[in-house]
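First the structure, in the form of structure tokens, and then the observations on it.
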Amino acid sequence: MIHGGTTLRGEVEISGAKNAAVAIIPAALMVDGVCVIENMPQISDTEMLLTILRELGARIRFLNRSTVEIDCRNVCMQDAPYDLMRKIRASYYLIGAMLGRFGHAKTTMPGGCNFGVRPIDQHIKGMNALGADVDVKAGFVYADARDGKLHGARIYLDKVSVGATMNIILAATLAQGRTIIENAAREPHIVDLANFLNSMGADIRGAGTDTVKVNGVEKLHGGSYAIIPDQIEAGTYMVAAAATGGEVLIKNVIPRHLECISAKLRETGTIVLENGDTVLVKGASSLRKINVKTLPYPGFPTDMQPPMCALLCVAGGTSVITEGVYDNRFKYVNELRKMGAEIQVDGRVAVVEGGHRLSGAPVMACDLRAGAAMVIAGMCASGTTVVEDVRFIERGYENFVGKLNALGADIHIVDEREESDGRDKILTMIG
Ligand code: EPU
């Protein structure tokens, strides 16, 4: 429940990158030793993956809030828990990691946010090229290395895919020989996965470019690694600061990873100042319209599209947002309309008529980033906004409400529980 009309001011610390962590946790499955991973974000996606590893036999221990020790030496091939796997997109990384370690894998088809059809054909193409047979049957993915071991191959991705690039890197790490991935995705979390694996003895070059070369190694050894800061979490606070006309120092970031977001914010009139591992965002008294097109890195990230749309609702003039990655990532626009936003959507293009004062309303968090967009809109709106289904937000933002409230937002988590007889619903304030 958000009481709107607040201006964000102060400092916020960014947590470790979700989309790096969700690949690095499965990667730990291939390590013949103990991994100590720092800057692990406390979000439900990482909690679920750690639970999956634990159920497979891993020993997992938190050394402090954000440092986790993972020991997968005693893991043996068995079915991973179906209910957890189907809830998250990143469970597809277990295919690459299990194939690498055991020569076979059984996982569910991945879950995750619904932006239209999200096939995994490029992952399967990669595994096939490395010598695995992959079968999708009744919601499960079965993968088997034909001769018990994977073999390096040259793989051209027909579509730039973060998940396929990372999954093939995982599978190729312990394969025999050299793998070359062409038309690879270049996101910072791909570099982070490669750096993690290299620090444990892998031989991966070119991550962050469109050609990644993996020389297979016999085994990986234990070690320590710190996950990079989350580009999208940082971008979300940048946009929230700008949208509310506030001034926020965003700490523990890599400004280079934020350039695409900083550049578009500057076009709106927002001041963005980089200094070491911080960025200072100062909102303009009136924001200007901009046009945005989402693209794979280093383009403007699709995951920042919904938060930026919330900002453009309160900017002056007509902005055009073009979604260049997913077929259907504008479903949340209906929720913004309930708050008075004027947005027309035609396929992958949204036209935002800005300059309207938003008013609080009951809305849904349709998915993770759409949920963040609703919270930003709620802070800009007059009156009270209730965002339902915040479990989506908890998938990817550590302590979102706590961090925003520390910056001056007025947000309470409201727990809507059904009584045991299922008839009455009660609203309980819990913070
Ligand atoms: N695609 C295919 N075939 C494939 C794989 C992808 O056609 O085999 C298509 C997708 O349908 C999409 C495009 O290629 O249109 C790009 O998808 P990509 O594989 O890059 O995305 P992903 O791996 O499924 C990850 C993040 C997403 C983020 C995208 C793009 C994880 C777990 N998820 O998804 O994160 O939007 O990359 O950057 O890393 C989020 O954090 O909110 C989120 C949705």
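The values are calculated or read from the model by the stated rules, or taken from the named source; none is laboratory data. Please read all numbers here as calculations on a predicted model, not as lab measurements. Please note: Cβ atoms are built from the backbone with ideal geometry, for glycine as well, and neighbour counts cover all protein chains shown. Just so you know, the surface numbers come from the protein's heavy atoms only, side chains and all, with ligands and any DNA or RNA stripped out. Shrake-Rupley method; radii C 1.70, N 1.55, O 1.52, S 1.80 Å.
Summary of computed values
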| read-out | value |
| --- | --- |
| Whole-percent carbon and sulfur share, accessible surface of the chain, 1.4 Å | 48 |
| Exceeding the 21 Å Cα-Cα cut-off - candidates 125/331; 137/159; 18/338; 159/213 | 125/331; 137/159; 18/338 |
| Residues of type aspartates and glutamates that residue 149 reaches as a straight line, Cα spacing below 15 Å, ignoring anything fewer than 8 places off in the same chain | 133, 218 |
| Whole-number accessible area per residue in Å² for the chain, which is evaluated in the context of all protein chains at 1.4 Å | 39 |
| Environment charge of residue 104, counting only residues whose C-beta is closer than 10 Å and scoring Lys/Arg +1, Asp/Glu -1 | 0 |
